[in-house]
Amino acid sequence: MQKDSRIYVAGHNGLVGSAILRRVQIEGYSNLVLRSHKELDLTRQSEVETFFKREKPEYAFLAAAKVGGILANSIYSAQFIYENLMIQSNIIHAAYRAGVKKLLFLGSSCIYPRNCPQPIKEEYLLSGKLEKTNEPYAVAKIAGIRMCQAYNRQYKTCFISAMPTNVYGPEDNFDFETSHVLPALIRKFYEAQQREKSRSTGSANNVVIWGTGASRREFLHVDDLADACLFLMDHYFEDEIINIGTGYDLSIRELAELIRDIVGFKGEIVCDTSKPDGTPQKLLDIGKIREIGWQSKIPLTEGIQKTYEWFRENYQTAVR
């Protein structure tokens, strides 16, 4: 991309999109095309095609998506598959028709089978059954990958697909019903600590986590993801998907203990084994992106500390 390239960031108000926007602005890109959901409904084909035809972006980051954790996926399964299919299909097709030079589609590590060998290589896509707790979301993202590849074959487009691991950071979603595990735990421990401070006896209370706590997850700070997206836009031109991660995972129990220590909570962690664990382990093989010269920079403890500080300072708005 050139500094004056016309760039569209879809989903620029979300966690990932806002981080990509910050990154391109820091790097000196200023010819940006941005629309809020109120200004442009990405599930409406006619609106999206009119937008691309009028604005003619040269590059597009497709970061708009409906996302959430296990609970949100189970409650809003129809919305997850419908909205994600519509958003990505409309943008990919409109980008082709408008002659977009390059598009980056962001998928998810949820696309991989539940019982993959670890770490997960890109070639494991569609090699087994998906995790039931996020299947509608995963199916939509797989459709987006295949759509990009099909357009590349038939129309000679340059649409690449990147698969990030679990992403977190400031401005994350901290709603218990729709958030992912890391921001949900930050809120749980913070609120438990506040209750602990207000108790006249000073005795501790507990924090409950879903499942056994044994499932293992990998976490990537959103600023690292944004950095990787810009890197791939400039350096990756292959049809096949590429993973973005840190190469390090930990159990949900270990994650909870880490967040407890950062928050300073003194109570106990209790596992609710009546709730699902989800996929037993998701650790991405990141050899491919490392080979072309990118790796993450923000350690997990540092990233959680910064996210917690943001949450604490913005608590009233973050939990609305």
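Just so you know, all these numbers are worked out from the coordinates, no wet-lab data involved. Being a predicted model, the structure only gives us computed values, none of them experimental. Glycine also receives a Cβ, built like all others from the backbone with ideal geometry; neighbour counts cover every protein chain displayed.
From the alpha carbon centroid of the range 106-143 to that of the range 271-317 is 18 Å.
At full extension, Glu254 and Gln79 could sit 59.8 nm farther apart than now, given 0.36 nm per residue minus the alpha carbon distance. In the chain, taking the dipole from charged Cβ atoms about the Cα centre, the farthest positive-side position among Ala226, Gly28, Ser5 is held by Ser5.
Each residue of the range 93-106 was assigned a 3J(HN,Hα) from its phi angle through the Karplus curve 6.51 cos²θ - 1.76 cosθ + 1.60 (θ = phi - 60°); the sequence is 5, 5, 5, 4, 5, 8, x, 4, 5, 7, 10, 10, 9, 9 Hz, with glycine and proline shown as x. Among beta bridges from DSSP that stay inside the chain, the antiparallel ones total about 5%.
The ranking of Thr165, Thr301 by Cβ neighbour count inside 10 Å, starting from the fewest, reads Thr301, Thr165. Counting only residues at least eight positions apart within a chain, or on another chain, the aspartates and glutamates with an alpha carbon under 13 Å from that of Lys306 are Glu171, Asp172, Asp223.
Quick check on the range 96-174: take the gyration tensor over C-alpha atoms, sort the square-rooted eigenvalues as a ≥ b ≥ c, and tell me if it's rounded (a/c under 1.5), prolate or oblate. It is oblate, given that a/c is not under 1.5 and a/b is not larger than b/c. Protection proxy ranking for 14-21, 153-160, using the average of other Cβ atoms within 10 Å per residue and placing the highest first: 14-21, 153-160. In this structure the amide hydrogen of Ile120, modeled in the peptide plane, comes within under 5 Å of the amide hydrogens of Leu283, Leu284, Asp285, none closer than 5 places in sequence on its chain.
What label, among (1) -0.20, -0.28, -1.25, -1.41; (2) -0.28, -0.38, -1.15, -1.24; (3) -0.22, -0.30, -1.42, -1.58, belongs to log10 I(q)/I(0) by the Debye sum over Cα atoms at q = 0.06, 0.07, 0.15, 0.16 Å⁻¹ computed from the structure on display? Of the labelled values, this structure produces (1). A straight Cα-to-Cα reach below 14 Å connects Lys132 with the aspartates and glutamates Asp277, residues fewer than 8 places away in its own chain not being considered. Given the range 34-125, what count of lysine pairs have C-alpha atoms under 18 Å apart, with each pair 8 or more places apart or on different chains? For the range 34-125, the number of qualifying lysine pairs is 5.
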